[in-house]
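Please treat every number below as a calculation from the coordinates, not as lab data. Nothing here was measured: the structure is a model prediction, and the numbers come from that model. Heads up, the Cβs are rebuilt from the backbone with ideal geometry, glycines too, and the neighbour counts pull from every protein chain shown.
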Amino acid sequence: AEKFAQSLKIDIHDGFSVEPKAISLKNLCDRFIESKKGNVAPATVRAYLETIKRLVSAFGGYRNIKTFSGYDAQYFINNLELLEKDKDPSDSTRLKHLRNSKIVFNKAIKWNYLRTNPFRDISITDISKEDWHYVTPAEFQSLLTAADNIEIKIGRASCRERV
């Protein structure tokens, strides 16, 4: 009871409403997307929507955002799945969803729905990189030959120009 009372005092001091705000994940995400439309590129909105779809799928749209913990956030990032179930997501995919999740929950903090971001202390530092494939002279020549044989369509007409 003393901890709860102290928490209320801190909330009041920090300017947070002490009235219970039951903000669901879906409600937060809908408000977030509305705030971003027109302010960011459509591709950015699509990236946010992809992350939101995964968050709602993992946690349910009606879960109160105040119940999210750092463990829940870490579990979400660690257990991301690709649409093709046979593959694991790359580190860059995990990083994209982590970054977007942090942005969504930081907006909840800005709107005074939360005090801390459950994704705050999560980082992905070891981004794996694939080795380069060096093209051999024979492969390069094959690419040039294939490019020469591509038919180019301009409007309704097509042309095949050979030098």
- Filter the trypsin sites (Lys or Arg not before Pro) in the stretch 40-120 to those in DSSP coil with at most 11 other Cβ atoms within 10 Å of their Cβ, and list the result. Lys85, Lys87
- Of Lys53/Lys153; Lys9/Lys37; Lys66/Lys96; Lys36/Lys66; Lys9/Lys102, which ones are farther than 32 Å apart at the Cα? Lys53/Lys153; Lys9/Lys37
- Message: Please list, in order along the stretch 118-124, the HN-Hα scalar couplings obtained from phi with the Karplus expression 6.51 cos²θ - 1.76 cosθ + 1.60 (θ = phi - 60°), rounded to whole Hz, x for Gly and Pro.
- Response: x, 8, 3, 8, 8, 9, 10
- Task: Only loop residues by DSSP count here, and only those with at most 14 other Cβ atoms within 10 Å; note down the chymotrypsin sites (Phe, Trp or Tyr not before Pro) in the stretch 31-113 that meet that.
- Result: Tyr62, Trp111
